[in-house]
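S.K.: One structure follows; several queries about it will come next.
A short reminder: the numbers here are calculations on the coordinates, not readings from a lab. Remember, it's a predicted structure, so these values are computed and weren't measured experimentally. Here the Cβ positions follow ideal geometry from the backbone for every residue, glycine too, while neighbour counts run over all protein chains shown.
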Amino acid sequence: MLRFILIFCGMLALVLNARAQDLPKGMTEAEEAMMPYYTFPVSRGITTPPSWTPRAMAEWEEIETLLITWTSYTSVLAQIVDAAQEECVVLIACSDSNQVKSYLNSAGVPLTNVKYLEVSYNSVWIRDYGAHTIYKSEIDTNSLVDWTYNRPRPQDDAMPVQHAAWAGLDLYQMTNSPWDFIATGGNLMVDGFGTAMSSQLIVNENPSHTIAEIDTIMKRFLGIGQYVLFPTLPYDGIHHIDMHMKLLDEETILVGEYPAGTSDGPQIEANLQWLLSNYNSVYGTPYRVIRIPMPKDGTHYPNTGGSYCTYTNGVFVNKTYIYPSYYTQYDTTAYRIMSESLPGYTLVPIDCYPSPIDASGAIHCITNCIGASFPLLISHQRLSSPQTASGNYQVDAYITHKSGIASAHVYYKTTLSGTYQSVTMSNVGGNNWTGYIPAQSNGDTVYYYIQAQAVSGKTQVRPMPAPAGYWDFVVSTSTGLSEANSNAVMLDVYPNPASYITCIPVDGGNGFSGSLSLLDATGRTVQVLHNGSFPAGKSNYFFNALTLESGIYFIRLESVQDIQIQKVVVRNF
């Protein structure tokens, strides 16, 4: 009884004094102790799924409001406000709006697009406890969806109610059985068309639900038809996907990369190859992957006690992208990669070392968004490069708005300093539109974007910062084919030692027939991983080490020409 009283008093003290401390993204020792006795706040939204099919908004879509909570890391927050208020309204949850205004004024931040919500709060980590925007009929009425926050922070957990009331939006809450769902926004990445990705922390946080039940909850509240769950990483203490991955558009993933064999690098790579081998983008094609370094915190990587520094933890604010920075020696490379990956976007790096990254979070973690009302949605799979020099280049797009689409155009040019030319797109059925860029000369680079106008008069472009932003492709008469290596090779297995999904890359040369097997230390076949034809070029195969006893195993690749064997160590604790 005394233990319960002490924990209750500690919880009460935490709630009353939360503003006086910088709570980490994860739980403090006191919070971990009180969690088994904690009662989550009573729901104040709609606790049943929408009666209509929802579409969860992707983060690169148009937003009306950027959300922050004014508490810890005020210097970083002020810089976010400064950049974001040029793109949309910034709503600041705070205890004293006059105090916030004074701080922003002293920092030279304009207040013309800033609003305030004086409410109670516990922490700055609004991505985790905030809500996610969904749409009815893809682009109709927007609403917010909230989950049960996995921290004993009742004021944070209730914040979405305040946001929904301020914005005049319905709030759906996954809080009551059978729809109760514990989650955090930093562990959710969606493509805007029914695919979502998280780490398997989601499964651990919801032990009362099967994976099938979790899939059903995500489908009914967020419209997620394909929910990809990655193994958690050994050194990422919070297991939130935004710490090492980010979708930049429907088919492009920015992935953090460590030096070979370092820290979480092997497991990140295995997870990525598993994704690429088993899932496609909404366009039915493999994801495009852009690598970006995971920097040291000056001297250390996470596996030797360093902070989990990452460049993937950024936020889209319409035509601006705000992301964390650390040290010039790493930041210059990150900026170059961002510039090449997001042409036309205003890039705003904000120094996050030592704080807030030492508390296991950065820019994405301390921001959230409310999507635009009645958006004009444009989805286009960029043309691959190279394109042949003969014939026109077909540009297809999915374009829709509540009022209907009045017109759509493709704009193109062949030099960055040139003037865009316009090509009219035609509706080819449903919400599908097609236009044709005329054939260009061999060696040209074609830069292009799409613009559409709704019947209501609303206009939108894609990429969002066009015409400064664009897609591009090279025109070439060369096929680009090279003679493949005729010899099959099993490349290095990773991660090794293995404890979860493990990748076996095979270079099939010109293609061959054979088998790939997992053997135990005695040579007994534990699992046949593949048997039959191996395609030309590189392909990946997988096994799940979590299902195996710890020990030494062997991977055996057998073909008509030879047998290759590689040792792998399984460590399950």
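S.K.: Where Rh is the Kirkwood radius over the Cα pairs of the range 17-130, the temperature 4 °C and the viscosity 1.567 mPa s, what D in µm²/s does Stokes-Einstein return? All intermediate terms of the calculation are to be shown ahead of the outcome.
M.R.: Numbers: Rh = 16.5 Å.
Result for D is 79 µm²/s.
S.K.: Put a dot 7 Å past each Cα toward the Cβ at Thr210 and Thr28; how far apart are the dots in nm?
M.R.: 4.1
S.K.: If each residue of separation counts as 0.36 nm, what is the full-extension length gain between Ala406 and Asn540 once their alpha-carbon separation is subtracted? Walk me through the intermediate numbers first.
M.R.: Numbers: separation 134, 0.36 × 134 = 48.24 nm, distance 4.57 nm.
The span from Ala406 to Asn540 would gain 43.7 nm if fully extended.
S.K.: With an 8 Å Cα cut-off and a minimum separation of 6 or more residues, compute the relative contact order for the chain in percent. Display every interim value, and only then the final one.
M.R.: On the way: 1273 pairs, mean separation 66.2, N = 573.
Normalised by residue count, the contact order of the chain is 12 percent.
S.K.: Residues with beta-carbon under 13 Å from that of Thr195, excluding Thr195: net charge, scoring Lys, Arg +1 and Asp, Glu -1?
M.R.: On the way: positive: Arg55, Lys219; negative: Asp191, Asp215, Asp249, Glu250, Glu251.
For residues surrounding Thr195, the net value is -3.
S.K.: Which whole-number percent of Cα pairs in the range 226-310 have a distance greater than 16 Å?
M.R.: Numbers: 1833 of 3570 pairs.
The calculated P(r) of the range 226-310 puts 51 percent of pairs beyond 16 Å.
S.K.: Whats the longest run of the chain with zero GluC sites (Glu not before Pro) that are DSSP loop and have at most 14 other Cβ atoms within 10 Å? Intermediate results must be reported in sequence, preceding the final value.
M.R.: Numbers: sites that count: Glu483, Glu549.
Maximal segment without exposed cleavage sites: 1-482.
S.K.: Where q = 0.22 Å⁻¹, what log10 of I(q)/I(0) comes from the Debye formula for the range 280-341, counting one point per Cα?
M.R.: Taken in order of the listed q values, log10 I(q)/I(0) reads -0.96.
S.K.: Would you mind computing the Rg to Rh ratio of the range 12-371 from its alpha-carbon coordinates, Kirkwood style for Rh? Don't skip to the answer; put the middle values down first.
M.R.: Details: Rg = 19.1 Å, Rh = 20.5 Å.
That ratio equals 0.93.
S.K.: If you don't mind, another one. Taking R0 as 51 Å, what FRET efficiency do you get between Phe40 and Val474 from their Cβ-Cβ distance, rounded to the nearest 0.05?
M.R.: 0.40
S.K.: If we sort 234-247, 361-374 on the protection proxy, mean other Cβ atoms within 10 Å, highest first, what's the order? It would help to have the intermediate numbers written out before the result.
M.R.: Working: 234-247: 23.4, 361-374: 25.3.
My ranking of the peptides, most packed first, is 361-374, 234-247.
S.K.: Now a separate question. Based on the mean of other beta carbon atoms within 10 Å per residue, what is the order of 38-44, 417-423, 469-475, most packed first? Each step should come with its number before you reach the end.
M.R.: Values: 38-44: 13.6, 417-423: 11.6, 469-475: 18.4.
Most protected by this proxy first, the peptides run 469-475, 38-44, 417-423.
S.K.: Against the empirical 2.2 N^0.38 Å scaling, what ratio does the C-alpha Rg of the range 489-570 come to?
M.R.: On the way: Rg = 12.0 Å, N = 82, 2.2 N^0.38 = 11.7 Å.
Working it through for the range 489-570, the quotient is 1.02.
S.K.: At 0.36 nm per residue, minus the direct Cα-Cα distance, what do Arg571 and Gln421 gain on full extension? Give it in nm, one decimal, please.
M.R.: Values: separation 150, 0.36 × 150 = 54.00 nm, distance 5.91 nm.
Taking Arg571 through Gln421 to full extension adds about 48.1 nm, to one decimal.
S.K.: Find out how many positive minus negative residues lie around Ile134, taking Lys and Arg as positive, Asp and Glu as negative, among other residues whose Cβ is under 13 Å from that of Ile134. List each step's numbers first, then the result.
M.R.: Working: positive: Arg55, Lys136, Lys219, Arg220; negative: Glu61, Glu138, Asp140, Asp146, Asp170.
Charge balance in the 13 Å sphere: -1.
S.K.: Quick one: if the Förster radius is 35 Å, what FRET efficiency do Ile337 and Gln99 give, using the C-beta to C-beta distance and rounding to 0.05? Numbers along the way, then the final one.
M.R.: Details: r = 38 Å, r/R0 = 1.09.
Computed FRET efficiency for Ile337 and Gln99: 0.40.
S.K.: What does the charge add up to near Asp472, with Lys and Arg as +1, Asp and Glu as -1, over the other residues with Cβ less than 12 Å from its Cβ? Each step should come with its number before you reach the end.
M.R.: Values: positive: Arg382, Lys413; negative: Glu340, Asp444.
Local net charge: 0.
S.K.: Using label points projected 7 Å from each Cα along Cα→Cβ, tell me how many nm separate Glu558 and Val289, to one decimal.
M.R.: Computed distance between label sites Glu558 and Val289 equals 3.0 nm.
S.K.: Something else now. Mind checking the full-extension length gain between Thr112 and Ser390? Use 0.36 nm per residue of separation minus the Cα-Cα distance, one decimal, nm.
M.R.: Details: separation 278, 0.36 × 278 = 100.08 nm, distance 5.18 nm.
My answer for the length gained is 94.9 nm.
S.K.: Can you give me the orientation-averaged projected area of the convex hull built on the Cα atoms of the range 378-474, in nm²? Could you put the intermediate results ahead of the total?
M.R.: On the way: hull surface 23.7 nm².
Mean projected area of the Cα convex hull: 5.9 nm².
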